[in-house]
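First the structure, in the form of structure tokens, and then the observations on it.
Just so it is clear, none of the values below were taken in a lab; they were calculated from the coordinates. Only a predicted model underlies this, so the values are computations on that prediction, with no experimental measurement involved. Glycine gets a Cβ as well: all are built from the backbone with ideal geometry, and neighbour counts include every protein chain shown.
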Amino acid sequence: MTASSNPPRDLSNQNAVRIKPWGEGDLTLLKQLLGDPEMTTHLGGPESDEQLARRQIRYEQLAASGKGRMFKIIHEATGEAVGSVGYWDSIWREEPIYEMGWAVLPAFQGRGIASVATAQAIASARADGKHRFLHAFPSIDNPPSNAVCRKLGFTLVEECEFEYPKGNFMQCNDWRLDLFERR
């Protein structure tokens, strides 16, 4: 190999990701995720700039409140933020739980990034030790998000009507993960 030639690229880590706590500078990412009609097809449509600004503040303050955590997903090869994942306190069927959600920008979908980042967030929820169960409620019409739940060992509890965002009811699958069970 000459000094001017490029070394072979290690393609095994092209989809490696890490999660990083949500911060003050992440409103642009939030707008790409929840302000875009394509990204919110299964979530009742895009949020307004005002709604996104309020959500940004909630995401920034979530960890300090002790009620969950929100993360941005960082693509290791580029250092770019490519999505979000998080969990938060909720009540489901009169029981306190963590509810979980994730989103990955279209250019990075279909690579397993959501599964890897969600697994990292699950590890964080386990370490918090606050709730036994973590639930995800993907739309029944969202095969990729339902596949993430299957892949990560969630149990499908039932199909149900779920409100997200407030005022928007949709048919979802209720997936549950026992955080106290070690795999």
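Can you give me the relative contact order of the chain as a percent, contacts being Cα pairs under 8 Å and 6 or more apart?
Reported as a whole number, the value is 18 percent.
Tell me the net charge near Asp89. Cut-off is 10 Å between Cβ atoms, Asp89 excluded, with +1 for each Lys or Arg and -1 for each Asp or Glu.
So the environment of Asp89 carries a net charge of +1.
Can you work out the base-10 log of I(q)/I(0) for region 37-84 at q = 0.14, 0.32 1/Å, using the Debye formula on its C-alpha atoms alone?
Log10 of I(q)/I(0), two decimals: -0.49, -1.03.
Using θ = phi - 60° and the Karplus form 6.51 cos²θ - 1.76 cosθ + 1.60, what ³J(HN,Hα) does each residue of region 97-113 get, whole Hz, x for Gly and Pro?
Result, ordered by residue: 9, 9, 9, 10, x, 8, 7, 10, 4, x, 5, 10, 6, x, 10, x, 5 Hz.
With a 10 Å radius around each residue's Cβ, average the other Cβ atoms per peptide and rank 96-105, 37-46, highest first.
My ranking of the peptides, most packed first, is 96-105, 37-46.
For region 113-183, what is the convex hull volume of the alpha-carbon atoms per residue, in Å³?
95 Å³
DSSP loop (so not H, G, I, E, B), at most 14 other Cβ within 10 Å: list which trypsin sites (Lys or Arg not before Pro) in region 31-95 pass both filters.
Those that pass, being in a loop and sparsely packed, are Arg93.
Distance in nm between label sites at Glu38 and Arg132, each 7 Å beyond Cα in the beta-carbon direction?
Going from the Glu38 label point to the Arg132 one covers 4.3 nm.
With θ taken as phi - 60° and the coefficients 6.51, -1.76 and 1.60, list the Karplus ³J(HN,Hα) couplings across region 80-87 in order, rounded to whole Hz; mark glycine and proline as x.
After applying 6.51 cos²θ - 1.76 cosθ + 1.60, I find 8, 6, 10, x, 9, 8, x, 9 Hz.
FRET efficiency for Arg182 and Gln61, Cβ-Cβ distance as r, R0 = 35 Å, nearest 0.05?
0.70
Using only helices, what value at 222 nm comes out for the chain when you add -39,500 (n - 2.57) per DSSP H run of length 4 or more and divide by the total residues, to the nearest 500 deg cm²/dmol?
About -8500 deg cm²/dmol.
When only alpha-carbon atoms are used, what values of Rg and Dmax, in angstrom, describe region 73-158?
Spelled out, the Cα radius of gyration and Dmax of region 73-158 are 13.3, 43 Å.
Please tell me the relative contact order of region 47-112 in percent, rounded to the nearest whole number, where contacts are Cα pairs under 8 Å and at least six residues apart.
21 percent
Show me the ranking of peptides 150-159, 132-141 by mean Cβ neighbours inside 10 Å, starting with the highest.
Per-residue mean Cβ counts within 10 Å order the peptides as 132-141, 150-159.
What does the chain give for Rg and for Dmax, in Å, if only its C-alpha atoms count?
17.2, 67
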